[in-house]
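The values are calculated or read from the model by the stated rules, or taken from the named source; none is laboratory data. These numbers were taken from a predicted model, which means no experiment stands behind them. FYI the Cβ positions are ideal-geometry reconstructions off the backbone, even for glycines, and counts take in every protein chain you see. With ligands, DNA and RNA removed, areas are computed over all heavy atoms of the protein, side chains included. Shrake-Rupley method; radii C 1.70, N 1.55, O 1.52, S 1.80 Å.
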Amino acid sequence: MLEITEGSHAVAKAVKMSRPQVIAAYPITPQTHIVEALADMVADCELDAEYITVESEFSALSACLGASAAGSRTYSATTSQGLALMFEVCFNVSGMRLPVVMTIANRALGAPLSIWNDQQDSIALRDSGWLQFYAEDNQEATDLHYIAYKVAENPEVLLPAFVCFDGFILSHTYEPVDMLSQEDVDRYLPAYKPVQRLDADDPISMGMYATPEYYLEFRYEHDQAMKRARNAINKAGKEFGEMFGRDYSALVEGYRLEDADTAIIAMGSLCGTIKDAIDEMRSAGKKVGLLKIRCFRPFPAEEIRNALSHVKRVAVLDKNVSVGAKGAVAIEVRDALYGKALPVLGYVLGLGGRDVRISDIRNIVSLAESGKGDQFYGLRTEVL
Amino acid sequence: MRELRIHGRGGQGSVTAAELIAVAAFEGGVYAQAFPAFGVERRGAPVQAFVRFNDQAIRLRSQVYEPDYIIVQDSTLIRDVNVFLGVKPGGIVIVNSGKKVDASVPAGVRLITIDATSIALEVLGLPITNTTLMGAFAAATGEIKFSALENALRNRFRGDLADKNIMAAKKAYDMVQGGA
């Protein structure tokens, strides 16, 4: 049923209906409203879960690691410095192949301190072996949690997942969201059945020591699981579409891309503004389209190659920067298109909460048309 | 699409006003989007909140620069912030003030002043003007029905507090309808 609610509360409801058995989280802006709402639900006995209060994000994810290893469906949420503090545990969770789902309310990383949105935090965990989904709006932000659990817990995958949604821009926005009912979610997402778990009666070791004779193979298996996740996402997204009418089977999604000369690539809430900008530019006769990346890990290289076979240029918008190189999405898109004579121009923008307007998208398309790219867009040169 | 920008000071409930206006608009069958100008909210500091109204789903995520409607909760802000910046011709500006506003709005913009602080003090016993100004907004713009506003307030506040806020909003609603 369509209801109007804050993004964080919509996500909290989706998490509740996913029936996590253990939640451990530490509040941090702009993630706070999610975990406050979940703590209320547990305190009010609306959600039958163990809510573990902890003194840091490191402990939050460590508690999730243990709970997941013991066979529980497990949830956490964080952002920015909190995610940075989880760095070590993130690699342990994924290396132990534990299907923890964690919401990232994307926020810039300090220093300088910023509470505002960009996607540097989750991008910095690009190589941590977690699935990474990015939501355009609060509808996707809620739905992607069901998809994330379904894919993460798939025995062919067994990997943790980030569901990323832009801090403040989505987390603090009231907008209509079609919430599933508990019955619907139960039909789609049955209880978690761990393939193996810590059990005193049947002891196993997890996260053990791997000598050089074994470590490489562990990492290979991890990479293979991530590659298998592609099919699992296709399947889980298709099933969701058949049941509820919103199809998330594709890792990328085109908008007015079929006959486009210029393709814009972006992730997250920026895609909404870009769609409005594209409609305006189309009315003025410019053939522009969008390729939205909804799943960044596994990276949809093949889908990107196929979707862009006909375009003349690609403008990649990154709300992150790999300092000394480029925006992470631009790097990977260029890699995906290696060997094709197609200009891929990168624009780093919107960092630390800098607002991105329709006029900015128009300007970037003009820059791309004149071959100018690989730059920070929107710099206030007067303060440099 | 129509857009509203609310100017206030931290603690005056500008963000709540934006949320409840969006909730009331949604009840009236339009798509609505409400969000704050994300900042470090301190009591007394200038803050902004935004609402968009549209007959289809709203995709735009930038802040509001050319509003159709502006609400100013605290007329002392006019000295510090260009609260009328970007207002569209034909737009409506609602300022909480007991006195004549010491600033001119752009040509073609309707300025409504209402002494929301006095209403709030009288009805709520507190100088919190957000709900009063929501009543004025409903009457001035027609974007939300008073009954929807009443429902939104009743869902947000409990019992007596809901009644008082509805009373304050109604008072402002009637004053603006009566040509304040």
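Pairing each residue of the range A:222-233 that is assigned by TED's automatic domain parsing to the domain that holds A:Leu98 and under 12 Å from A:Arg297 (Cβ atoms) with any residue that is open to solvent by 70 Å² or more (accessible area, probe 1.4 Å) and part of a helix (DSSP H, G or I), provided the two are 6+ apart or on different chains, yields C-beta distances under 9 Å for A:Arg230/A:Glu302.
Do the conditions hold for B:Ala140, that is, is it assigned to a loop (DSSP other than H, G, I, E, B) and open to solvent by 10 Å² or more (accessible area, probe 1.4 Å)? So B:Ala140 fails the test.
In the range B:65-75, is there at least one residue being of a type in the set (Asp, Glu) and away from chain A (no Cβ under 14 Å)? Within the range B:65-75, one or more residues are of a type in the set (Asp, Glu) and away from chain A (no Cβ under 14 Å). So, restricting to strands (runs of 3 or more DSSP E) that lie completely within the range A:268-384, which ones have at least 1 residues that are under 30 Å from A:Leu158 (Cα atoms)? Because the criterion is at least 1 residues that are under 30 Å from A:Leu158 (Cα atoms), the strands (runs of 3 or more DSSP E) in the range A:268-384 that meet it are A:288-293, A:295-297, A:313-318. The set of residues in the range A:157-185 that are in contact (Cβ under 8 Å) with a residue 60 or more places away in the chain, more than 14 Å from chain B (Cβ to nearest Cβ) and not in a loop (DSSP other than H, G, I, E, B) comprises A:Ala161, A:Phe162, A:Val163, A:Cys164, A:Gln182, A:Asp184, A:Val185. Say whether the condition of being surrounded by 13 or more Cβ atoms within 10 Å (Cβ to Cβ), of a type in the set (S, T, N, Q) and either in contact with a helix residue (DSSP H, G or I) (Cβ under 8 Å, 6 or more places away or on another chain) or at pLDDT below 95 (or both) is met by at least one residue in the range A:308-324. Scanning the range A:308-324, I find at least one residue that is surrounded by 13 or more Cβ atoms within 10 Å (Cβ to Cβ), of a type in the set (S, T, N, Q) and either in contact with a helix residue (DSSP H, G or I) (Cβ under 8 Å, 6 or more places away or on another chain) or at pLDDT below 95 (or both), so the answer is yes.
Listed conditions (1) surrounded by 21 or more Cβ atoms within 10 Å (Cβ to Cβ); (2) modelled with pLDDT under 95; (3) among the β-branched types (Val, Ile, Thr) are all met by B:Thr131, apart from (2).
Once the range B:38-54 is narrowed to residues that are within 18 Å of A:Asn117 (Cα to Cα) and at the interface with another protein chain (Cβ under 9 Å from one of its Cβ atoms), the residue that is least open to solvent (accessible area, probe 1.4 Å) is B:Gly39.
Quick one: would you say A:Ala63 is more than 14 Å from chain B (Cβ to nearest Cβ), open to solvent by less than 60 Å² (accessible area, probe 1.4 Å) and under 30 Å from B:Asn151 (Cβ atoms)? No.
For first residues located in the range A:324-338 and farther than 13 Å from A:Ile293 by Cα and among the charged types (D, E, K, R), partners that are part of a helix (DSSP H, G or I) and open to solvent by less than 70 Å² (accessible area, probe 1.4 Å) and lie 6+ apart or on another chain with Cβ distances below 9 Å form the pairs A:Asp335/A:Ala301.
So is A:Arg282 in contact with a Lys or Arg (Cβ under 7 Å, 6 or more places away or on another chain), at pLDDT 95 or above, open to solvent by 20 Å² or more (accessible area, probe 1.4 Å) and closer than 19 Å to A:Asp360 by Cβ or not? Taking the combined requirement at face value, the residue satisfies it. Considering A:Gln132, A:Gln119, the condition of being in contact (Cβ under 8 Å) with a residue 60 or more places away in the chain, out of contact with any helix residue (DSSP H, G or I) (no Cβ under 8 Å at 6 or more places or on another chain) and among the polar types (S, T, N, Q) is satisfied by A:Gln119 alone.
I'm checking my understanding of the structure. Among residues of the range A:114-144 that are open to solvent by 10 Å² or more (accessible area, probe 1.4 Å) and among the small types (Gly, Ala, Ser), which one is farthest from the chain's Cα centre (by Cα)? Selected residue: A:Ser114.
Select, from A:Thr79, A:Thr74, the only residue that is touching a residue at least 40 places away in the same chain (Cβ under 8 Å), within 14 Å of chain B (Cβ to nearest Cβ), farther than 30 Å from B:Asn155 by Cα and under 19 Å from the mean Cα position of the chain (by Cα). Just one listed residue meets the conditions, A:Thr79. Selection of the range B:104-116 for residues being on the phi < 0 side of the Ramachandran plot and without any contact (Cβ under 8 Å) to a residue 60 or more places away in the chain yields B:Ser104, B:Val105, B:Pro106, B:Ala107, B:Val109, B:Arg110, B:Leu111, B:Asp115, B:Ala116. Restricted to the range A:40-113, the set of strands (runs of 3 or more DSSP E) holding at least 2 residues that are small (Gly, Ala, Ser) comprises A:74-78. Filtering A:Val151, A:Val185, A:Val195 for residues that are out of contact with any strand residue (DSSP E or B) (no Cβ under 9 Å at 6 or more places or on another chain) and within 28 Å of A:Leu2 (Cβ to Cβ) leaves a single hit, A:Val185. Within the range B:51-108, the set of residues being within 26 Å of B:Glu27 (Cα to Cα), touching an Asp or Glu at 6+ places or on another chain (Cβ under 6 Å) and small (Gly, Ala, Ser) comprises B:Ser62, B:Gly91. Might you let me know whether the range B:15-34 holds any residue that is in contact (Cβ under 8 Å) with a residue 60 or more places away in the chain, under 14 Å from B:Ile144 (Cβ atoms), more than 7 Å from chain A (Cβ to nearest Cβ) and among the acidic types (Asp, Glu)? Within the range B:15-34, one or more residues are in contact (Cβ under 8 Å) with a residue 60 or more places away in the chain, under 14 Å from B:Ile144 (Cβ atoms), more than 7 Å from chain A (Cβ to nearest Cβ) and among the acidic types (Asp, Glu). Among the residues of the range A:189-208, the one identified as of a type in the set (Ser, Thr, Tyr) and at pLDDT 95 or above is A:Tyr192. The residue of the range A:329-365 that is nearest to the chain's Cα centre (by Cα), among those that are exposed (fewer than 13 other Cβ atoms within 10 Å of the Cβ) and small (Gly, Ala, Ser), is A:Ser359.
Can you work out which of the residues in the range A:255-279 that are acidic (Asp, Glu) and away from every other protein chain (no Cβ under 14 Å) is surrounded by the most Cβ atoms within 10 Å (Cβ to Cβ)? Taking the candidates together, the pick is A:Asp261.
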